[in-house]
Amino acid sequence: MDLIAEIRRRHLVSGESITSIARSLKLSRPTVRKHLRTTSSPSYQRRHQPAPKLTEAFQQMLTAWLTAEQTLPKSQRRTAQRLFEGLQVEGYLGSYDCVRRFVKRWKAHNTRPSVTQAFVPLRFAPGEVCQFDWSQEQVDIDGTSQKVKVAHFRLAYSRQMFVVAYPRETQEMLFDAHNRAFAFFGGVPQRMIYDNLKSVVQTILTGKARQFNPRFMALANHYLFEPVACTPASGWEKGQVENQLGNIREWLFTPRPRFASLADLNDWLALRCRELAQRQHPTEDRPIAEVFAQEHNTLRAIAAPFEGYLEEMLRVSGTCLVRVDYNRYSVPAEFAGKAVSVRLTADRLRIVHDRQIIAEHPRQFGRNQLVCNPWHYLPVLEKKPGALRHGAPFIEWDLPAPIRHVKEHLLKQPKGDRAFVELLQLAREAGLEPLQVACELSLETGLVTGAIVMNELRRLLAPPQPSAIHLPESLRLRSEPLADCARYDVLRGGTHGLH
C-alpha cells in the first residue's frame, strides 16, 4: 500500500509522468496505471492446484497411513517426503507437492491443537543450583567429520555456562566433565540437576525418589553436592540448560567448527564460554561475568579433583596385550597370562597389578588399533631376538635416525639382531638419548658393529672419574715407598739359583 500511495502522490500531486515513475521504481507502465486507479489495499486469492494424479485410491492409502501413525511418537512418524516415496512404490506417478498439500490438509483437520502449558518463574540463590545435560554436535577433527558429545553446565543464578566435548557419553566422560566444570567455575554448587541418565540414575522410584549409581554417588560425596534427577519427560525442570543446548549449537557449532584435535576444540570452547559471559544478564542490568563474580564467592572450594575412572579386571594375553573397547594395549612381558586391573579415564588407560601402575597409554576411540610400548617386549627379545625384524611393536617404533641407521647396519651382520637387543637392554634404564649419542659416534668412525657401539655406550654411561682423591690426614703415609727396579733382578737371580 505504501508503494501505491507513492505512485499516486508522484503522478497526481507532483505531475511526474508514468514512464518516469515506472523507470525509477522498476515497474511496468501498465502496473503504474493500475495503481493510479487503486484507492484501497490490494487483496490476493490463493489458487488451489488440482491433484489429478492423486486419485481416490491413493488418498485413501494416505489417510490409512496417517491415521495409523498418529498414535506413534513423533520421531517414528513418516514425513510427507517418506509418504510420497511410499506412494511411488505403490505406483503413484504424480508430484510431491500434491502429496504435501494433502498431508497438510489432513493434519489440519485431524490433529488436536497444542495446549500451551503455563509455568511459574523460578528464582535461585547464588551458588545454589547448577544444571547439566548432554547434546550431540558435528565437528571436523583433523580433517574428518565426526560426531561429538558435548557436556553442558549452567549455574542457575548467574547463567554462567561451561561446555566440553567428548567422543562418547560414558560415565568416565561424565566424571571428567565435572572435574573440568568445577575447575572452570572455581568451586562447587550446592545442588546439581540431571536427566535420568544411566550413568547417574540406577533406578527410578516413586515420585522424586531415585536410586543413584554407586560410582556417581562417589563423585557427589567427593564434591559434597546434592544430586537431583528430573521427572521423566519434564525438561522444563532444568529449562535453562535445555535452552542453552540450542543456543550453543547456533553460536558455537554453526557453521561446523574445524580443529586439529579434540583438545584444541575444548580449549576454544572454554574461551568462548568466557567471551559469552560478557552478554547482558537476562534479569539484571549488568553482564553475566559480573553476576558470576558475585556467585563465585558462594561456591564451595575444591579440595582435590575426583579420580574418576571405571575399572575392570582382564587377563593379559600371551602376546602381552589386553583388549579394551575393540582396541589392544601392551603390558610388560612379565605379566603375560596374569589378571590385571584396567582403569579407564576420559583420555588415559592405566593398567594396575598389586596396586602398582605397570603400564599407561593414551586412550583410543577407534576400532582394531594396536597401542604398544616396545620396552614392554624387551624381556621377550632376550630369548627371541629374531622377533626384532618382524615384531609389530618394533616395526612401528619411531626411533631417532642414528639409532635406526645402526639397527639397519647390525641386522645385515651375523647375530646383529642379538647385538642390537643388548644395546637396548643397556639403554633401557638410561633412555634412548645416550644410545643415540653412541650411535652417532660410531657412524662418524665409519665402522658400525655391536662391540663398537656398546663400547661407546658404556663410556657414556660410566660414572665420571674424580680429578683428585682427598684422603683424611690419618690415612696418609708418613714415608712413601720408593720404586726400586733392582728388586726384580734379585728375584730373577734367586729364581735361577734354585734351578
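Quick notes on this structure:
- The conditions of being modelled with pLDDT under 95 and either in contact with a Pro (Cβ under 8 Å, 6 or more places away or on another chain) or assigned to a helix (DSSP H, G or I) (or both) are not met by LEU174.
Each row is one residue, and each column tells you yes or no for (1) farther than 22 Å from PRO167 by Cα; (2) touching a strand residue (DSSP E or B) at 6+ places or on another chain (Cβ under 6 Å).
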position: PHE306; (1), (2): no, no
position: ASN327; (1), (2): no, no
position: ILE357; (1), (2): yes, yes
position: LEU378; (1), (2): yes, no
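- Matching residues in region 177-198 - criterion: being under 16 Å from ASP133 (Cβ atoms) and in contact with a Gly (Cβ under 7 Å, 6 or more places away or on another chain): PRO189
- If you filter region 124-160 down to residues that are in contact (Cβ under 8 Å) with a residue 24 or more places away in the chain, of a type in the set (D, E, K, R) and on the phi < 0 side of the Ramachandran plot, you find that the one that is surrounded by the most Cβ atoms within 10 Å (Cβ to Cβ) is ARG154.
- GLY86 satisfies every condition listed in (1) exposed (fewer than 10 other Cβ atoms within 10 Å of the Cβ); (2) of a type in the set (Gly, Ala, Ser); (3) at pLDDT 80 or above except (1).
- Residues that are under 17 Å from ARG101 (Cβ atoms), in contact (Cβ under 8 Å) with a residue 12 or more places away in the chain and assigned to a loop (DSSP other than H, G, I, E, B), drawn from region 55-85: ARG78
- For region 306-340, filtered to residues that are in a loop (DSSP other than H, G, I, E, B) and among the aromatic types (Phe, Trp, Tyr), the residue that is farthest from GLU360 (Cα to Cα) is PHE306.
- All of HIS178, HIS222 fail the test of being in the same structural domain as HIS281 (by TED's automatic domain parsing) and within 18 Å of the chain's Cα centre (by Cα), apart from HIS178.
- Qualifying helices (runs of 4 or more DSSP H) (wholly inside region 404-499; at least 2 residues being in the same structural domain as ALA387 (by TED's automatic domain parsing)): 416-430, 432-445, 450-461
- Just one of the listed residues (GLU284, GLU295, GLU290) is crowded, with 17+ Cβ neighbours inside 10 Å, of a type in the set (Asp, Glu) and under 13 Å from ARG159 (Cα atoms), and it is GLU295.
- Residue in region 425-443 that is under 27 Å from LEU321 (Cα atoms), over 36 Å from the mean Cα position of the chain (by Cα) and of a type in the set (D, E, K, R) present: no
- Residue in region 249-271 that is more than 23 Å from the chain's Cα centre (by Cα) and surrounded by fewer than 15 Cβ atoms within 10 Å (Cβ to Cβ) present: no
- Region 182-226, residues that are out of contact with any helix residue (DSSP H, G or I) (no Cβ under 8 Å at 6 or more places or on another chain) and assigned to a helix (DSSP H, G or I): ALA183, PRO214, MET217, ALA218, ALA220, ASN221, HIS222
- Within region 343-357, restricting attention to residues that are assigned to a strand (DSSP E or B) and touching an Asp or Glu at 6+ places or on another chain (Cβ under 9 Å), the residue that is surrounded by the fewest Cβ atoms within 10 Å (Cβ to Cβ) is ARG348.
- Residue in region 116-123 that is in a loop (DSSP other than H, G, I, E, B), at pLDDT below 95 and β-branched (Val, Ile, Thr) present: yes
The values are calculated or read from the model by the stated rules, or taken from the named source; none is laboratory data. Bear in mind that the values here come from a model prediction, so they are computed numbers and not experimental data. Positions of Cβ are generated from backbone atoms using ideal geometry, with glycine treated the same way; all protein chains shown enter the neighbour counts.
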